[in-house]
Amino acid sequence: MIKRYIMAPGPTPIPSEVLAEASLPIIHHRTPQFQAIFKEANEGLQFAFRTKQPVLTFSSVGTGVMESAVANMTSPGEKVLVASSGHFGNRWREICKAYSVEVEHYEVEWGQAVDPAEVSKRLKDAPGIKLVFTTLNETSTGVANDIQALAKVVHEAGALIVVDAISGLGAMPCESEAWGIDLILAGSQKGFMIPPGLGFVSLSPGGVEKTKTAKSPRYYFSYDKAIKKLTEEKMPDTPFTPAITLVIQLKKALDLIKQEGMENIWKRHASLAKATRTAVQALGLKLYAPSAPSNSITSVNGPDGVDTGLINKTFRDTYGMSIVGGQGKAKGKIFRIGHLGYVDGSDVLLAIARLEMVMHKIGKPVPLGSGVKAAQEVLLAENL
Ligand SMILES: *Cc1c(COP(=O)(O)O)cnc(C)c1O
């Protein structure tokens with residue numbers, strides 16, 4: 001028997017009460033029963049996004065709502081700035097290209113965070129740019145970007161900021177409204193603790209204004225249609241059939257999120273990340289992103305001479321645990337342990353204990369228990 005564990009930055013583990021919701025008979029979406037659930041889910045999303053603005057729900061993976069942002073915010077031929085720190089940040093450039101949007105690309109060295117001063121400089125040098133795309137948590141490198149500082153310099157330049165918060169929302173402070181983020185988006189299978197299939201988008205009033213002059217084509221992903229259905233009828237609604245079961249699971253997961261509270265959720269993720277970082281370093285491994293480490297995921301350089309694909313494979317095939325490897329140019333060089341969503345100290349201890357055993361299996365033995373001990377010490381100090 002192999003028992004399965006998931007320590008990836010999405011999909012993430014799902015609480016059993018959330019899983020159970022998916023086993024109930026389907027209900028119709030144009031009913032008071034579903035509408036009441038959708039209304040509560042919307043309020044929960046506003047709680048999680050820290051905003052009083054509406055949060056749109058699309059039946060889509062994260063990349064779909066990224067595409068929706070480009071479709072609703074840009075016009076063909078418009079020039080925008082993409083400020084990226086890895087694979088997912090670079091996806092903004094690819095989507096913009098597909099919409100014939102011209103991209104000024106500022107990409108930092110992988111493992112580093114986007115520098116607000118450089119963004120400010122690039123906007124000064126190209127005053128025609130009125131839109132900046134970036135990422136809260138760069139999942140591919142395990143880097144957290146300083147969105148508060150980025151929003152500030154972007155606004156000072158008279159531009160708007162679009163933030164992919166897919167793997168960061170929930171794991172670290174992110175104040176959509178207080179920081180004035182003009183468009184923020186997230187996905188269901190990361191911090192929201194439900195399966196893949198829902199994407200969320202929230203706009204500032206300035207962001208909504210921009211969608212009205214933007215000319216890129218959109219149909220399913222029209223924010224105008226979605227906002228009207230959500231806000232202009234007696235009960236919140238969607239223009240098309242929503243992924244009903246996922247919305248019901250979302251409502252349940254948001255109940256748990258509200259119970260714990262955003263500050264506590266951020267604190268738990270910070271403690272889990274600290275325990276993970278301390279443990280891998282105690283094993284003699286080096287962090288890939290030591291200067292701006294993420295709370296959702298810890299990226300680690302593989303031991304010398306080891307393709308990290310072997311580490312993932314051993315985790316998965318020998319111990320039933322899914323972690324993730326490197327993407328793009330970090331493929332084979334790093335491995336990444338997710339600690340996002342429905343994760344606690346026990347999960348991290350298990351992952352570190354298995355990592356020690358994986359190191360033995362791949363011929364790079366470490367003193368057994370030394371990483372676990374380091375993690376336990378952090379968890380004791382952090383009360384987790
Ligand atoms: C996972 C992820 C995405 C892509 O989400 P999909 O649901 O796989 O399309 C985009 N951006 C970031 C930062 C992510 O972590």
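The values are calculated or read from the model by the stated rules, or taken from the named source; none is laboratory data. Small disclaimer: the values here were computed from a predicted structure and weren't measured. All Cβ positions, even for glycine, are placed from backbone atoms using ideal geometry, and neighbour counts span all protein chains on display. Ligands, DNA and RNA are excluded from the accessible area calculation, which covers all protein heavy atoms including side chains. Shrake-Rupley method; radii C 1.70, N 1.55, O 1.52, S 1.80 Å.
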**Study point:** Euclidean distance between Cα centres, the stretch 146-188 to the stretch 204-273, Å
**Key:** 15
Practice item. Please build a GNM for the chain, connecting alpha carbons under 10 Å apart, and tell me which residue among 21, 263, 177 fluctuates the most. Key: 263
Practice item. Name the residue farthest towards the positive end of the dipole of the stretch 16-259 from the options 157, 48, 70, assuming +1 on Cβ of Lys and Arg, -1 on Cβ of Asp and Glu, about the Cα centre. Key: 70
Review point. For the chain, which whole percent of the accessible surface, found with a 1.4 angstrom probe, sits on carbon and sulfur atoms?
Key: 55
Point to revise | GNM result for the chain, Cα springs below 10 Å: residue of 197, 77, 325 fluctuating most strongly | key: 77
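Once you list every other residue whose beta carbon is under 13 Å from the beta carbon of residue 79, what net charge do they have if Lys and Arg are +1 and Asp and Glu are -1? Mind dumping the intermediate values first?
Values: positive: 93, 97, 122, 130; negative: 78, 102, 104, 125.
Summing Lys/Arg as +1 and Asp/Glu as -1 gives 0.
Step through the table entries 52/152; 152/190; 121/190; 121/258, compare each Cα-Cα distance with 29 Å, and write down the pairs that go over it. Before the final figure, lay out the partial values.
On the way: 52/152 20 Å; 152/190 27 Å; 121/190 33 Å; 121/258 40 Å.
Beyond 29 Å between Cα atoms: 121/190; 121/258.
How large is the charge dipole for the chain, taken about the Cα centre, if only the Cβ atoms of Lys, Arg (+1) and Asp, Glu (-1) carry charge, to the nearest 20 debye?
580
Let me have the relative contact order for the stretch 262-381, percent, based on Cα pairs under 8 Å that are six or more residues apart.
Details: 187 pairs, mean separation 37.5, N = 120.
Relative contact order of the stretch 262-381: 31 percent.
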**Study point:** Cβ-based charge dipole, the chain, positive-most Cα from 14, 375, 33
**Key:** 14
Study note, to complete from the structure: Residue by residue through the stretch 165-181, the couplings from Karplus 6.51 cos²θ - 1.76 cosθ + 1.60 with θ = phi - 60°, in Hz, x for Gly and Pro, are 10, 3, 9, x, 5, x, 8, 8, x, 8, 9, 3, 7, 5, 8, x, 5
Point to revise | Total formal charge among the other residues, if their Cβ is under 15 angstrom from that of residue 11, Lys/Arg +1 and Asp/Glu -1 | key: +3
Practice item. Would you look at the GNM of the chain, springs on alpha carbons closer than 10 Å, and say which of 345, 128, 64 moves the most? Key: 128
Revision key, fill the gap. Note to self: with every protein chain in place and a 1.4 Å probe, the stretch 113-226 gives an accessible area per residue in Å² of 32
Review point. Which value, in Å², gives the accessible area per residue of the stretch 262-381 when a 1.4 Å probe is used on the protein heavy atoms?
Key: 41
Practice item. Would you kindly find the accessible area of residue 342, with a 1.4 Å probe and non-protein molecules such as ligands, DNA and RNA excluded, rounding to the nearest 10 Å²? Key: 110
Review point. From the backbone phi of the stretch 303-313, what are the Karplus-calculated ³J(HN,Hα) couplings (6.51 cos²θ - 1.76 cosθ + 1.60, θ = phi - 60°) in whole Hz, Gly and Pro given as x?
Key: x, 3, x, 10, 6, 5, x, 5, 5, 4, 4
Revision key, fill the gap. In terms of the charge dipole of the stretch 262-381, which places +1 on Lys and Arg and -1 on Asp and Glu at the beta carbon, the residue among 284, 320, 310 farthest towards the positive end is 310
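Which number do you get for Rg(Cα) / (2.2 N^0.38 Å) in the chain? Spell out each step's value before the answer.
On the way: Rg = 20.9 Å, N = 384, 2.2 N^0.38 = 21.1 Å.
Working it through for the chain, the quotient is 0.99.
Where does the charge balance sit around residue 204 when Lys and Arg score +1, Asp and Glu -1, over other residues with C-beta under 15 Å from its C-beta? It would help to have the intermediate numbers written out before the result.
Numbers: positive: 50, 52, 130, 152, 210, 212; negative: 175, 177, 182, 209.
That works out to +2.
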